[in-house]
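A.B. asks: To start, I am sharing the structure in question, which I have written as structure tokens.
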Amino acid sequence: SLGGAPPAAAAQPPPWTRTMDDLRAPAATWGNELKAYEKEKRRVVDEGFMRGQQLRLPKGLVQQQERVFDPLLQRFRDSGVESQQRHMEERERVAHLNRAQDIDIIRSQPFNIINQTSKLEALAPGQDPMRLGGQPGHGATGETRRMRYGKTDHPASYTDYNIVSNLPHDIHHWQKPGERPVPYEREPQVRKVPHFSVKDFDIVTNRYLSDHESKISTEKHLKLLEATHKYNKHNKFDPVIQQFNDPRQEERARAALDAREVEMNARLEAQLPPSFKGRLSEHYNVVSHESRNPEMLELWDTLEDERKDRHKNRYIVEHNLHVQDVKNDHITGSRKMNRIAPERFEEERRRGFNIIDNKTHGRLAKERQLHEDFTTKRLSPWERTQQGRLEASPEMVQTIRMPGADSVGGRGLASSSSAPHLRSSASSSGASAKRSAPPSVARS
């Protein structure tokens, strides 16, 4: 509405007008569907139970009804039914004919225009049918008031002249001259001469009456244009070269096809998912390998390298795990060997021969080779005391005696791996001392 008032809500149909199909129709929400289902099962009676028993059609009833009427004789086989039907048809035919004759008497003349006999002779014998009824043509009986001249009104004519003599009514008419109808005066129309009857050329010499040469050239040009138009109308497309004969039409067709192809590609790209629009083949030609977007291709290469690095890290981790497993196996094997006492193999080594075949130990042809065991030899008391100590090396801290140290009564550091800034100052003064004085015992 123009006033801005909200439209009135549609009137809800009464509940008794709803059918089972309305209840089973999909609802807006799941809760409404549950309510409709509960109402259908508990509170609604199916309309099929309210109907009566379906009309049963006995077998052969249709064939029996078809045998009632004979299609060849066009009559009922039962004589009583046939007689009743004929009486009914005759009664209806007479009623229709009487009604048609009444309508004919009312709407047309009350006498026969051929033999001039009255159509109302049976109703009004000997009377003038033109003076029966209130108006001429009416079939009611009774005398009417005579006209001034003793006749009824003459029927009006649609022409303003006498159709027998072709004279106007003011000259040839049954009324006296003062009361005759005045004809309508019509102005004569201009006569139109057909164009094909007027010729601008001589039919004998077949030449134009004036300016023959220019008209002939114009006519030839027009005929050529007409022939061209007919040819272009019936032969627009050349099936051999698959092109239009008119270059302008060919250009328009190609433009339309290109536009259609561009539209199809645009619609196709619009329907593609966002994840598919950034595919690798979108940025270069897969046939000619021509690059369309070098920046995106470089980004794809970077992502591929990163992916390869991530995959490569897998094999590095697997290698490290394998190394750890091998190391664990070695440690386990070493622990197993360390659990074996070395004295187990010492007795056979001290015996010097094999107690089974009595072959001595050695590498000759008739000797048996004694393989070394992998057990750890037991340490002696001295080796156990020296275990964990550092061995003396030239790179360790050494204490040397400087020249004149006895006279001064002190010691100095010539070199130290932990004090490299002292080596540069003492290298020149202590070079000879290093060659003459032996190093002292290293301290751990």
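The values are calculated or read from the model by the stated rules, or taken from the named source; none is laboratory data. What you see is a predicted model; the values in this text were computed from it and never measured. In this analysis, Cβ positions are derived from the backbone assuming ideal geometry, glycine residues included, and neighbour counts consider all displayed protein chains. To get the accessible areas, we keep the full protein, side chains included, count just its heavy atoms, and leave off ligands, DNA and RNA. Shrake-Rupley method; radii C 1.70, N 1.55, O 1.52, S 1.80 Å.
A.B. asks: What are the residue pairs meeting all of these: first residue in the range 237-266, first residue of a type in the set (S, T, N, Q), second residue part of a loop (DSSP other than H, G, I, E, B), Cβ atoms under 9 Å, and 6 or more apart or on different chains?
C.D. replies: ASN245/ASN235; ASN245/LYS236; GLN249/LYS236
A.B. asks: On the basis of being out of contact with any helix residue (DSSP H, G or I) (no Cβ under 9 Å at 6 or more places or on another chain) and touching a residue at least 24 places away in the same chain (Cβ under 8 Å), does TYR184 make the cut?
C.D. replies: yes
A.B. asks: Return yes or no: is ALA365 surrounded by 10 or more Cβ atoms within 10 Å (Cβ to Cβ), part of a loop (DSSP other than H, G, I, E, B), of a type in the set (A, V, I, L, M, F, W, C) and on the phi < 0 side of the Ramachandran plot?
C.D. replies: Here the answer is no, as ALA365 does not meet what is asked.
A.B. asks: Now for a different question. Quick check: is even one residue across the range 310-331 open to solvent by 100 Å² or more (accessible area, probe 1.4 Å) and of a type in the set (A, V, I, L, M)?
C.D. replies: Within the range 310-331 (the criterion being open to solvent by 100 Å² or more (accessible area, probe 1.4 Å) and of a type in the set (A, V, I, L, M)), the answer is no, since none of the residues qualifies.
A.B. asks: Let me ask something else. Is there any pair with a first residue in the range 56-80 that is of a type in the set (S, T, N, Q) and a second that is open to solvent by 80 Å² or more (accessible area, probe 1.4 Å) whose Cβ atoms are under 9 Å apart and which are 6 or more apart or on different chains, and what are they?
C.D. replies: Once the first residue is of a type in the set (S, T, N, Q) and sits in the range 56-80, no partner that is open to solvent by 80 Å² or more (accessible area, probe 1.4 Å) comes close enough.
A.B. asks: Here's something else I'd like to know. Residues to consider are GLY134, GLY150; find the one that is open to solvent by less than 90 Å² (accessible area, probe 1.4 Å), at pLDDT below 75 and farther than 16 Å from ILE106 by Cβ.
C.D. replies: Going through GLY134, GLY150 in turn, the sole match is GLY150.
A.B. asks: Residues of the range 272-302 being open to solvent by 90 Å² or more (accessible area, probe 1.4 Å) and out of contact with any strand residue (DSSP E or B) (no Cβ under 9 Å at 6 or more places or on another chain), which ones?
C.D. replies: Answer for the range 272-302, where residues must be open to solvent by 90 Å² or more (accessible area, probe 1.4 Å) and out of contact with any strand residue (DSSP E or B) (no Cβ under 9 Å at 6 or more places or on another chain): PRO274, SER275, PHE276, LYS277, VAL287, HIS289, GLU295, GLU298, ASP301.
A.B. asks: Quick check on my filter: what residues within the range 110-126 are surrounded by 15 or more Cβ atoms within 10 Å (Cβ to Cβ) and in contact (Cβ under 8 Å) with a residue 12 or more places away in the chain?
C.D. replies: Correct list: PRO110, PHE111, LYS119, LEU120, ALA124.
A.B. asks: Please state which one of MET296, MET337 is in contact (Cβ under 8 Å) with a residue 12 or more places away in the chain, within 58 Å of the chain's Cα centre (by Cα) and assigned to a helix (DSSP H, G or I).
C.D. replies: MET296
A.B. asks: SER165 passes all but one of (1) assigned to a loop (DSSP other than H, G, I, E, B); (2) at pLDDT below 90; which number fails?
C.D. replies: (2)
A.B. asks: Within the range 248-266, is there a residue that is surrounded by 11 or more Cβ atoms within 10 Å (Cβ to Cβ) and among the small types (Gly, Ala, Ser)?
C.D. replies: Yes, the conditions are met somewhere in the range 248-266.
A.B. asks: Name every residue in the range 80-109 that is surrounded by 11 or more Cβ atoms within 10 Å (Cβ to Cβ) and closer than 21 Å to VAL68 by Cβ, in order of residue number.
C.D. replies: Answer for the range 80-109, where residues must be surrounded by 11 or more Cβ atoms within 10 Å (Cβ to Cβ) and closer than 21 Å to VAL68 by Cβ: VAL81, GLU82, SER83, GLN84, GLN85, ARG86.
A.B. asks: Filter the range 332-348 down to the residues that are open to solvent by less than 80 Å² (accessible area, probe 1.4 Å) and of a type outside the set (S, T, N, Q) and list them by number.
C.D. replies: Within the range 332-348, GLY333, MET337, ILE340, ALA341, PRO342, PHE345, GLU346, GLU348 meet the criteria.
A.B. asks: Could you grab me the full set of residues in the range 46-75 that are at pLDDT below 85, open to solvent by 100 Å² or more (accessible area, probe 1.4 Å) and in a helix (DSSP H, G or I)?
C.D. replies: PHE49, MET50
A.B. asks: Something else: Identify all residues within the range 29-45 that are surrounded by 10 or more Cβ atoms within 10 Å (Cβ to Cβ) and basic (Lys, Arg); write none if there are none.
C.D. replies: Within the range 29-45, LYS35, LYS39 meet the criteria.
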